[in-house]
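What follows is a short report on a single structure.
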Amino acid sequence: MKVFWFCLLAATLCSATSVPATLPPGTVLPVEVGSTLNAKNAKVNDKFDGKLMQQVRLPTGIVLKKGAQVSGKVVAVQRPTRLTVQFTELKDGDLTIPLKVSVRALASPQSVFDAHLSVDSTVPDQSDEWTTQQVGGDYVFRGRGYVSSAEGNVGIWNGDGVWGKLQAGDNCSSGDSSNAMQSLWVFSAGACGAFGFKDLTISQDGSSPPLGQITLESHGDLLLRSGSGWLLMANAAH
């Protein structure tokens, strides 16, 4: 009987330690935000939500499922041109993970939509030769299973999503030191900054103190409609 309880306790402890309290630094989360963010009428502590658009594999072996819920809140507003937001947690079934993430790339709903269209008008979407262009310029050859850029092959398409190793940009690092394959969804391996917006910049990406606080600015009214795409990255502790 003592052996039974020892084994049960050991199994419980092992399973508990496999559940992450936070995401490993450099983990990429491709998220679609389902709320509209408008600096004209947003208020501090307003909540917004989103969902994971491609499964994410953690080094522990845990897989965060596509569709996992992501939550965030408004931290500060300067009407109508400036908005600071923070993503707060990810929920995947019974698993809840607090978030401290920065944004590497941000795409308008139209840019997200365009990334699913065939670049060859003579080839129907979702055919064996279906080729699409990612936000940031990479091409996904879905029939052949690879992703290509001016640098050569930079990722793969496995039928469930786009995977690639992040590339450093002007204002973006290459992510974690292992340079692991990450879930990219509609984004290029080198995507960095805001795409598809008339007048919007990321003035604070959330990777430096205050960690996780992302500030967006515009010269006109700042408006992000529902369906915007966010390529988020878990921060290293400072």
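Descriptive notes on the structure:
- Scanning the range 127-141 for residues that are modelled with pLDDT under 90 and closer than 20 Å to Pro30 by Cβ yields a count of 1.
- Any hit, the range 89-100, residues being in a loop (DSSP other than H, G, I, E, B), small (Gly, Ala, Ser) and on the phi > 0 side of the Ramachandran plot: yes
- A single entry from Val74, Val70 fulfils the requirement of being assigned to a strand (DSSP E or B) and in contact with an Asp or Glu (Cβ under 6 Å, 6 or more places away or on another chain): Val74.
- Residue selected from the range 128-172 under the condition hydrophobic (A, V, I, L, M, F, W, C) and without any contact (Cβ under 8 Å) to a residue 24 or more places away in the chain, by the criterion farthest from Ala189 (Cα to Cα): Trp130
- Matching option when the condition is of a type outside the set (Ser, Thr, Tyr), under 28 Å from Asp138 (Cα atoms) and either outside any loop (DSSP other than H, G, I, E, B) or modelled with pLDDT of 95 or more (or both), among Val44, Val103: Val103
- Residue count for the range 47-67 under the criterion of being assigned to a strand (DSSP E or B) and either touching a residue at least 24 places away in the same chain (Cβ under 8 Å) or under 23 Å from Gln213 (Cα atoms) (or both): the result is 9.
- If you check Pro24, Pro30, Pro109 for being at pLDDT below 95 and surrounded by 14 or more Cβ atoms within 10 Å (Cβ to Cβ), only one passes: Pro24.
- Here Ile202 passes the criteria (1) within 30 Å of Thr88 (Cβ to Cβ); (2) assigned to a loop (DSSP other than H, G, I, E, B) except the one numbered (2).
- Unmet requirement for Gly196, which otherwise passes all of (1) over 19 Å from Leu90 (Cβ atoms); (2) small (Gly, Ala, Ser); (3) out of contact with any helix residue (DSSP H, G or I) (no Cβ under 8 Å at 6 or more places or on another chain): (3)
- In the range 181-190, the residues that are closer than 23 Å to Val63 by Cβ and either among the hydrophobic types (A, V, I, L, M, F, W, C) or surrounded by fewer than 24 Cβ atoms within 10 Å (Cβ to Cβ) (or both): Met181, Ser183, Leu184, Trp185, Val186, Phe187, Ala189
- All conditions but one from (1) more than 15 Å from the chain's Cα centre (by Cα); (2) assigned to a loop (DSSP other than H, G, I, E, B); (3) at pLDDT 95 or above; (4) not hydroxyl-bearing (Ser, Thr, Tyr) apply to Gly155; the one that does not is (2).
The values are calculated or read from the model by the stated rules, or taken from the named source; none is laboratory data. What you see is a predicted model, and the numbers here were worked out from it, not measured in a lab. Quick reminder, even Gly has a Cβ in these numbers, built from the backbone with ideal geometry, and neighbours come from all protein chains shown.
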